[in-house]
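The values are calculated or read from the model by the stated rules, or taken from the named source; none is laboratory data. All of these numbers come straight from a predicted model, not from anything done at the bench. Glycine also receives a Cβ, built like all others from the backbone with ideal geometry; neighbour counts cover every protein chain displayed. Each accessible area value is taken on the protein alone, full model and side chains, heavy atoms only, with ligands, DNA and RNA left out. Shrake-Rupley method; radii C 1.70, N 1.55, O 1.52, S 1.80 Å.
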Amino acid sequence: MVAPGSGGDPPIDRDAAREGLALADIAVRLGGEALGDVSVRIVGVASLGNATADRIAYLADPRYRGELATTRAGALVLGPADRDASPLPRIVAAKPQLYFVSLTRLLHPERRPTPGVHPAAYVAPGALVPASVSVGPHAFVGAGAVLGEACVLGPGAHVGERCSIGAATVLHANATVYHDCHIGARVILHSGAVVGADGFGLAHEGDRWTKVPQIGRVLIGDDVEVGANTTIDRGALDDTVIEEGVKLDNQIQIGHNCRIGAHTAIAGCVGIAGSARIGRHCMIGGGSGIHGHIEICDGCIISAWTLITKSITRPGTYTSATPFMEHRAWIRNAARMRSLDELAGRVRALERARANEDKEGESP
Amino acid sequence: MVAPGSGGDPPIDRDAAREGLALADIAVRLGGEALGDVSVRIVGVASLGNATADRIAYLADPRYRGELATTRAGALVLGPADRDASPLPRIVAAKPQLYFVSLTRLLHPERRPTPGVHPAAYVAPGALVPASVSVGPHAFVGAGAVLGEACVLGPGAHVGERCSIGAATVLHANATVYHDCHIGARVILHSGAVVGADGFGLAHEGDRWTKVPQIGRVLIGDDVEVGANTTIDRGALDDTVIEEGVKLDNQIQIGHNCRIGAHTAIAGCVGIAGSARIGRHCMIGGGSGIHGHIEICDGCIISAWTLITKSITRPGTYTSATPFMEHRAWIRNAARMRSLDELAGRVRALERARANEDKEGESP
Amino acid sequence: MVAPGSGGDPPIDRDAAREGLALADIAVRLGGEALGDVSVRIVGVASLGNATADRIAYLADPRYRGELATTRAGALVLGPADRDASPLPRIVAAKPQLYFVSLTRLLHPERRPTPGVHPAAYVAPGALVPASVSVGPHAFVGAGAVLGEACVLGPGAHVGERCSIGAATVLHANATVYHDCHIGARVILHSGAVVGADGFGLAHEGDRWTKVPQIGRVLIGDDVEVGANTTIDRGALDDTVIEEGVKLDNQIQIGHNCRIGAHTAIAGCVGIAGSARIGRHCMIGGGSGIHGHIEICDGCIISAWTLITKSITRPGTYTSATPFMEHRAWIRNAARMRSLDELAGRVRALERARANEDKEGESP
């Protein structure tokens, strides 16, 4: 028997996952057109390169079309254009990637722990924890916290005082939410994520720094995912806001009072300074930085390793990374970067000299 | 009743926070000149934009002076120059920002948990834990550790063997201090911070790496703040030292044997390689990098996203970030960066040709 | 008495560490030639600068040779070339750094906690935990997990369901390994490290993102070290692989389906995007970024703060960092970077004008 909240499997019907499904049955459940030997039994998904006879794979990228000839997969998911690209049993679907996502969920259903509060968890007397919630060992739920139905708090996860956590939200092991934050429904916080730590608010008091109390909150909308070891600071006075559907990769830092617009996706290692406002449906590449107190409009794409130092008001793709090169070439080029303005001045001088010459040539 | 160390409120007098204060009373307590209807009751602070009639706001930046006309705040804190910039009830203070900080502390006092060791915490028999200390559930205090008066160890916080932790220092939930480190008084370690992990010490042994034991410590001075998920490695032989009053934002990495001078502030995502020495009263912008074994003098300002590759001996502001641009423009410019030295050579050739020409022109 | 898994010392013979050794005895145990007063008793290692009369130091870098004259160390480890560089008692060893590493291990043996499962740990009924393993308080071992002999799980460490952990591997406090990952022998995971969180897999579903299930694993080879707060994502379909002997510093992000070749060392704050393949015996400097889906060949050196945007097929040193400068100079130079292509066009125009002139000069 698995202890409540201990990370075991729930006693639901997982037959599809355990015994697999015939290709024909998959098409019945998820749609699409099954072609070839539709009786082939499929127990799981796999990549084209590593699939075996009981697995189904899909063509993620036309560049890999060559792998269709060599894959040992038992079946394939293909788009209409690739309908006859392989003789293998196959399902033709209008959007093969989304079809494959659904198929993965069907054959590899997420394991949710048994509901219940593990006896080694700490739940403050005042907290509201529905019976459908799973609280793992050594998790902490502070006084006044309110958990939504079917939440999962992994082992060592921390929900501070007076937080609210939406339905079906998951905090993985050792994720931390400070007091008074509001997390939406179906949010995923990965391990090591920290939501609601104090923003970096300092004031000069003579020649020392004094801490500016950070009394704002973090508000996270529905369907947000927060990667491992990503940090989102609470607001100073007003709140830090992560709108619905935002997807944050690992090791991202979001400063106090930022607002990240709905459905924006941010790759790993990005740093966003305080009070920056990122629009909706933006994509920000890994390792990028955003200055504080600026605004990036909806629909912007920021390339990886790019620093945005002022507001962007027109959708587009923006970049600042420098190209890499062999170190010896870099040494010579980098020295020139240090004196680029001087080089430009020399070009200007040459142009002036030529202009004077031409003028002299014209007026003999 | 709140369990000891469980994150509840202490039974101290919090009337000011609960019922608010008349503006006149605020001025009596904190100084400043109260003007207008000084009987207005204030229960909390807020931003100009979001304040309501029972809140007090302040003008953080002259750029926002326009908001004074539209704010719904019940009262304001203003500097002497803005004494009559609003007809609202107000307090005129010489340093409005610091005044507002004091006011925030008065109206929103930090909640400290009840002293005591929670029964679900682990405290090694040899550890010294004064009665004034709060140790939360699932926290760990190793053998030989010595905690100062009124320390707070949040849930899941870890204090390794033989550490000393100064008075009133706070480790938030899931912060980790390895063995044998010394933390000063009034230090704040946010969640996910890791102090004292092994430095990155490796030696070649044939074609493999062998680990160089890291037997130094981390010494952190008084009044230091360490942001969420920031890491400070222990020294290899000597110690890593963070001097008093240093303020570290989130996701910073400080390598072994670094020394960070007193009252230096470092923004998020900065990486400082081993044995670097940063002076006192420096400010280092977010996302910057500092090479190892270099020295940065007191009073330096490093811009965001800047890489410092050699020692700096003169105070000043230093920058290396590349400007961002639209991606299409960047593609053309980046190609030129790769051949900048060659471009400079072509300019030199043009200059030489002109110089020869001029010489020829002079000597017919 | 130290509780099982509580972080105390094992009852092994630690005499060498406690009472020290005569220099002659050190040479007997570890080899090398002892010179001078070989009876001097040495209790520990230290740096040249901070050593005392009962400590032994070594010359880490020829640049510090001047310190040999002033050190207060009781003895030295020197290379053959420095055999007579000091009159102090000394051991001459062919490879002084490796000798010093061995000496450090001898005099400062790593403290391993007492074997046993602490009663405040959670171990799922199905997990395999040999008697030689130490599981600290508040650690978690999921159902179906298999721990190797003499593993150490620090307080709050998390081993997910069905993981396997190799012999003598150490998870420091609050390190987290998600379900179904495989960790080799003698691996070290520092605090806050997260292995096996979901990769950043998203698919467009209309104007929203849908999560692509991440069903691959993380496989970590023997003798790998993973720094504090470093994150290694699980694969989407196939696995993320860290080969044997890889050394990862702190705050590194490794995306899903990456493969890091054996004995590669990566410094702090590096971000590696999904499906990148790094060769064997590479060295990657701190703060660097590697694009996804590219390949870096064996034996490459990537400088600190460098962005690699395409595959590298030839071993060498590669760099992209921009040089830092005083901010005022930077402002002028940065403006030129934005119009570098235009500057190159102007140089080209000057060259063309001169070429035309020369042609005209030739054909009168």
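General remarks:
- Verdict on A:G255 being without any contact (Cβ under 8 Å) to a residue 60 or more places away in the chain, more than 17 Å from A:C181 (Cα to Cα), of a type outside the set (A, V, I, L, M) and open to solvent by less than 10 Å² (accessible area, probe 1.4 Å): no
- Qualifying positions in region A:1-37 - part of a loop (DSSP other than H, G, I, E, B), open to solvent by 50 Å² or more (accessible area, probe 1.4 Å) and at pLDDT 95 or above: A:G36, A:D37
- The set of residues in region B:18-41 that are small (G, A, S), under 14 Å from B:L106 (Cα atoms) and under 33 Å from the mean Cα position of the chain (by Cα) comprises B:G20, B:A27, B:G31.
- Condition check for C:R83: basic (K, R) and more than 23 Å from B:I215 (Cα to Cα): yes
- Members of region A:262-284 found to be closer than 24 Å to B:T230 by Cβ and either buried (at least 24 other Cβ atoms within 10 Å of the Cβ) or modelled with pLDDT under 95 (or both), listed by number: A:I266, A:A267, A:G268, A:C269, A:V270, A:G271, A:I272, A:A273, A:I278, A:I284
- There is no residue in region B:198-219 that is under 25 Å from A:V195 (Cβ atoms) and open to solvent by less than 10 Å² (accessible area, probe 1.4 Å).
- Within region B:150-162, being touching a residue at least 24 places away in the same chain (Cβ under 8 Å), farther than 19 Å from C:A193 by Cα and in a loop (DSSP other than H, G, I, E, B) holds for B:A150, B:G154, B:E161.
- Among (1) more than 19 Å from C:A267 (Cβ to Cβ); (2) buried (at least 22 other Cβ atoms within 10 Å of the Cβ); (3) in contact with a strand residue (DSSP E or B) (Cβ under 7 Å, 6 or more places away or on another chain), the one test that C:L340 misses: (3)
- Test for A:S320: is it open to solvent by 20 Å² or more (accessible area, probe 1.4 Å), within 11 Å of chain B (Cβ to nearest Cβ) and free of Cβ contacts under 8 Å to residues at least 24 places away in the same chain: no
- Where B:G221 falls short, out of the listed (1) over 16 Å from the mean Cα position of the chain (by Cα); (2) under 24 Å from B:V152 (Cα atoms): (1)
- Restricted to region B:249-265, and to residues there that are touching a Ser or Thr at 6+ places or on another chain (Cβ under 9 Å) and facing chain A (nearest Cβ under 9 Å), the residue that is nearest to A:G196 (Cα to Cα) is B:N250.
- Among the residues making up region C:286-305, those that are open to solvent by less than 20 Å² (accessible area, probe 1.4 Å) and either part of a helix (DSSP H, G or I) or out of contact with any His (no Cβ under 9 Å at 6 or more places or on another chain) (or both) are C:G287, C:S288, C:G289, C:I290, C:I294, C:I296, C:I302.
- Condition check for B:A81: without any contact (Cβ under 8 Å) to a residue 12 or more places away in the chain, of a type in the set (A, V, I, L, M, F, W, C) and more than 9 Å from every other protein chain (Cβ to nearest Cβ): yes
- Search result, residues across region A:41-60 that are open to solvent by 40 Å² or more (accessible area, probe 1.4 Å), within 10 Å of another protein chain (Cβ to nearest Cβ) and either part of a loop (DSSP other than H, G, I, E, B) or among the hydroxyl-bearing types (S, T, Y) (or both): A:G49, A:N50, A:A60
- Unmet requirement for C:P87, which otherwise passes all of (1) open to solvent by 40 Å² or more (accessible area, probe 1.4 Å); (2) within 14 Å of chain A (Cβ to nearest Cβ): (2)
- Whichever residue in region A:224-245 is touching a strand residue (DSSP E or B) at 6+ places or on another chain (Cβ under 7 Å) and either hydroxyl-bearing (S, T, Y) or open to solvent by 10 Å² or more (accessible area, probe 1.4 Å) (or both) and, among such residues, is farthest from B:S191 (Cα to Cα): A:E243
- Qualifying positions in region A:270-317 - touching a residue at least 24 places away in the same chain (Cβ under 8 Å) and either away from chain B (no Cβ under 12 Å) or farther than 13 Å from B:W330 by Cβ (or both): A:G274, A:R280, A:G286, A:G292, A:D298
- Candidates A:A273, A:A203, A:A228, filtered to the one that is over 30 Å from B:P96 (Cα atoms) and of a type in the set (A, V, I, L, M, F, W, C): A:A228
- Summed over region C:328-337, residues that are more than 8 Å from chain A (Cβ to nearest Cβ) and surrounded by fewer than 17 Cβ atoms within 10 Å (Cβ to Cβ) total 2.
- Test: residue in region B:170-189 that is in contact (Cβ under 8 Å) with a residue 24 or more places away in the chain, out of contact with any strand residue (DSSP E or B) (no Cβ under 6 Å at 6 or more places or on another chain), open to solvent by less than 10 Å² (accessible area, probe 1.4 Å) and within 11 Å of another protein chain (Cβ to nearest Cβ): no
- Within region A:92-149, the set of residues being within 12 Å of chain C (Cβ to nearest Cβ), buried (at least 19 other Cβ atoms within 10 Å of the Cβ), touching a residue at least 40 places away in the same chain (Cβ under 8 Å) and in a loop (DSSP other than H, G, I, E, B) comprises A:P113, A:H118, A:A121, A:G136, A:P137, A:A139.
- Tallying residues that are hydrophobic (A, V, I, L, M, F, W, C) and within 14 Å of chain B (Cβ to nearest Cβ) within region C:234-248 yields 3.
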